[in-house]
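Take a look at the structure set out below.
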2 protein chains.
Amino acid sequence: MTADALSLTFAALADPTRRALLELLAVRPMAVTELAAPFDISLPAVSRHLKILRRAGLVERSREAQVRPCTLNAAPLKDAAAWMAHYREHWEQSFDRLDVYLQELQARRPSPSDPR
Amino acid sequence: MTADALSLTFAALADPTRRALLELLAVRPMAVTELAAPFDISLPAVSRHLKILRRAGLVERSREAQVRPCTLNAAPLKDAAAWMAHYREHWEQSFDRLDVYLQELQARRPSPSDPR
DNA sequence: AGTTTATTTAACCTTTCTGTTAACTACGCG
DNA sequence: CGCGTAGTTAACAGAAAGGTTAAATAAACT
């Protein structure tokens, strides 16, 4: 609750049901009942997942008659993606990470009692 | 635990301490004690955060004398980034989402009892 | 006004998370 | 061998996650 936006975003994405809900909403806005249909869990459970997605700012709810259509707002994903992009160079070269590491070790070897 | 890789990755990222740990490891591999130093929490707490990062495959531990250096493995971030990239077009146009939505509503209006 | 439809809130349960301190393991060194 | 260093595991506690069913709310429709 006191969590930062990035934590809320990643936490929201850390559940397969919630990711699936976002995928549905990527197609078009949908009512809660409509969103819930493909899942085996109860409606209140879906309602709570949506609450977590709303807490992260990924879903917005409007009101139209008795239906509350949910809309995707992908904006928070932009920040999350930006955070991860920071590591792109790392995952692109992840195969030779170990080599690099071993080289560093050797480079540091000279000092025997190596003060930290 | 039975969770899929993507869920484990996002869950690992959903904590500021763990993200900070990854940022440290992006600089160079480090020992647990060294990693723990900047944080106010106890060493066992850091050890557990590292366990979660390892469970997600983001951190690997090797062994060197009594030290267990931790290494960043950014590979899982690649999959997570790929999942999010799916939404890039959405966040890039997130300002006019509402307009699009309202247009869709109007387009559907013709059918009055609109079978779902 | 009373019913139906859509959705949330309440109350409850179980599991997982996050942190703590204390005890244990593992290795290197004098 | 016994000690110090590095790190994990154990045991415990409180908060949050995720699910359930039952009750409440809100608007639309006779």
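Some values worked out for this structure:
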| read-out | value |
| --- | --- |
| Average partner coverage of B:3-9, which counts Cβ from other chains inside 10 Å | 3 |
| 5 angstrom amide H check on residue A:59, placed H, neighbours 5+ away | A:54, A:73 |
| Using a 7 Å Cα-to-Cβ projection, residue A:33 label spacings across copies, nm, ascending | 6.3 |
| Hz values of 3J(HN,Hα) by residue in the range A:6-22 - Karplus curve (6.51, -1.76, 1.60), Gly and Pro given as x | 5, 5, 5, 5, 5, 4, 5, 7, 7, 9, x, 4, 5, 5, 5, 4, 5 |
| Under 18 Å from the Cα of residue B:78 - lysines, other chains or at least 8 residues apart | A:78 |
| Peptide-level mean, for A:75-88, of C-beta atoms on other protein chains within 10 Å | 6 |
| Packing-based order for A:12-23, B:16-27, using average beta carbon neighbours within 10 Å, highest first | A:12-23, B:16-27 |
| Residue A:54/residue B:51 FRET efficiency (R0 22 Å; Cβ-Cβ; nearest 0.05) | 0.10 |
| Length released on extending from residue A:92 to residue A:43, taking residue separation times 0.36 nm less the Cα-Cα span | 13.5 nm |
| Cβ-vector label at 7 Å, residue A:93, separations to other copies in nm | 3.7 |
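Taken together, the values in this text are just the output of simple stated rules run on the coordinates, not laboratory data. Nothing here was measured: the structure is a model prediction, and the numbers come from that model. Cβ: placed from backbone, ideal geometry, glycine included. Neighbour counts: every protein chain shown.
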